[in-house]
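Contents: one structure, followed by commentary.
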Amino acid sequence: MVVGVGLHAFGRFPEQSLSDLARDAVVDALRDSGVPWSAIPVAYFGHVYYHGMSIGESTLAQLGLTGVPIINVENACSSGSTAFWQAYWGITSGVFDMALAFGAEKVPSGPVTVTAENSPARYIGGDHMMAGYALRMKRYMEETGAPASAFAQVSVKARQAAAMNPYAHRKETYSVEDVLNSRLIADPLTLYQCCPTSEGGAAAVLCAADAMDAYGVDRTRAIRVAAAALTSGNYNGRGSDHSAFSPYRTEPAALQAYEMAGIGPEDVDLAQVHDAATIGELQQIEALHLTPFGEAWKATEDGRTALGGDIPVNTDGGLLAMGHPFGASGIRMVHETVTQLRGEAGPRQVENARVGVAQCSGAGDVTTVHILTR
């Protein structure tokens, strides 16, 4: 069960360290759970960029180290969601009855690279995330007939949700024309179709269902983790192992998660997915089987993925508007899902939300899919 969530706003905070961002999110999650830090038996910290060794320990030292195991997790853009996955399985295995999962990042400005400095991919453009997404977008447009306006609508929808979210990095709203006319990044992707690099922190407290009373947890606000799946890639003869080039690697994780939860995609009320670029959202919801393959763009144009639609996606603004501090993003998705399932999302609340999916992916074809239920 998720019994507490916390979030530090996403954006740019030059006056705050990585540890400050993470600490604030942890304090919020502990306060939300009603459980003191001294009661937490294990913690998992997701991050990617180097800010010194044992950064999880140095972060939690601000609350006072208690001798419990603290595990630092790096798993590309899925680092935070992998920390959450580990926390879940640490409890499910019976080793712990409670756990803290938290993540934070201060992503440098400019293009994101994932390979070693001497990798040939850096010299031929294959290492640039948005170049990979642009190639997928061109192929998708060719295969499905999707117009450029459908992709732009993904950004328009994201900004509309973010305008109602005080934690979002980008709250300005745009029209389809604004998105299409913004600066070209990697043809056909324009600036407003690419997520901003950001800073921020997120945290979640998990507890075994049979231990909640012992910790004094409010059962009425606890959200069940019905499934936790994590997969990585298989051999790819094309030479790329990044999810931008293999977006449907989400499908195996999704199928595992649905089986584990005992539900199907038709039962999902809302979804948070990895939308580093507009094409990412479309292909991820197809891989989750929330729409047929090749038809997510139609669902977007028809308003089905908007807040008032039947399959609302990225209800807090997603990566496109929230921003993407790698270590925090996966847990931010959990934060939004929990908030929605509790009925506490305010003006962006999805009516009668009872089942939510959080999908996060990253380099190495790493994909996590978590299903949360009311």
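FYI, it's all coordinate maths here, none of it is from the lab. From a predicted model like this one, the values you see are computed outputs, not experimental measurements. Positions of Cβ are generated from backbone atoms using ideal geometry, with glycine treated the same way; all protein chains shown enter the neighbour counts.
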Legend entry - Anisotropy class of the range 31-102 from Cα gyration tensor, a/c 1.5 cut: oblate
Inset, instruction - Rank-order 302-311, 222-231 by packing density, defined as the average count of other C-beta atoms within 10 Å over each peptide's residues, highest first. - result: 222-231, 302-311
Legend entry - Separation of alpha-carbon centers, the range 1-58 and the range 304-322, rounded to whole Å: 25
Legend entry - Zone residues, the range 306-320, relative to E295, backbone N less than 18 Å from point 7 Å out along Cα-to-Cβ: 306, 309-313
Inset, instruction - Counting only DSSP beta bridges with both residues in the chain, tell me the antiparallel percent, nearest 5. - result: 70
Legend entry - Debye, to nearest 20: dipole size of the chain, +1 on Lys, Arg Cβ, -1 on Asp, Glu Cβ: 300
Legend entry - Per-pair calculated FRET efficiency, R0 = 51 Å: Q256 and N181 via Cβ, rounded to 0.05: 0.80
Legend entry - Packing-based order for 67-73, 333-339, 294-300, using average beta carbon neighbours within 10 Å, highest first: 333-339, 294-300, 67-73
Inset, instruction - May I ask you to derive the FRET efficiency for S232 and T173 from their Cβ-Cβ distance with R0 = 56 Å, giving the value to the nearest 0.05? - result: 0.90
Inset, instruction - Give me the distance in nm between label points sitting 7 Å out from Cα along the Cα-to-Cβ direction at S119 and S149, one decimal. - result: 3.8
Legend entry - Ascending count of other beta-carbon atoms within 10 Å, so fewest first, for S361, S149: S149, S361
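Could you work out the mean projected area of the convex hull around the alpha carbons of the chain, in square nanometres to one decimal?
17.2
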Legend entry - the range 60-108: C-alpha gyration tensor shape, a/c 1.5 cut-off, then a/b vs b/c: oblate
Legend entry - Dipole of the chain, positive end: most advanced residue of S329, G262, T291 [Cβ charges, Cα centre]: S329
Inset, instruction - For K106, list the lysines whose Cα falls under 21 Å from its own Cα; do not include residues on the same chain fewer than 8 positions away. - result: K171
Inset, instruction - With springs only between Cα atoms under 10 Å apart, run a GNM on the chain and tell me which of A148, A363, A214 wobbles the most. - result: A214
Inset, instruction - Go ahead and run the numbers for FRET between S93 and E142, Cβ-Cβ distance against an R0 of 45 Å, rounding to 0.05. - result: 0.45
Legend entry - Cα-derived Rg over Rh, computed across the range 7-50 with Rh taken as Kirkwood radius: 1.00
Legend entry - Inter-label distance for W37 and R219, nm, one decimal - labels placed 7 Å from Cα along Cα-to-Cβ: 3.0
Inset, instruction - May I ask for the angle, rounded to the nearest 10°, between helix 129-144 and the longest principal axis of the chain, with both axes built from Cα atoms and the value confined to 0 to 90°? - result: 60
Inset, instruction - With a/c under 1.5 counting as rounded, go ahead and sort the range 315-374 into rounded, prolate or oblate using the C-alpha gyration tensor (a ≥ b ≥ c being the square roots of the eigenvalues; past the cut-off, prolate if a/b is larger than b/c, else oblate). - result: oblate
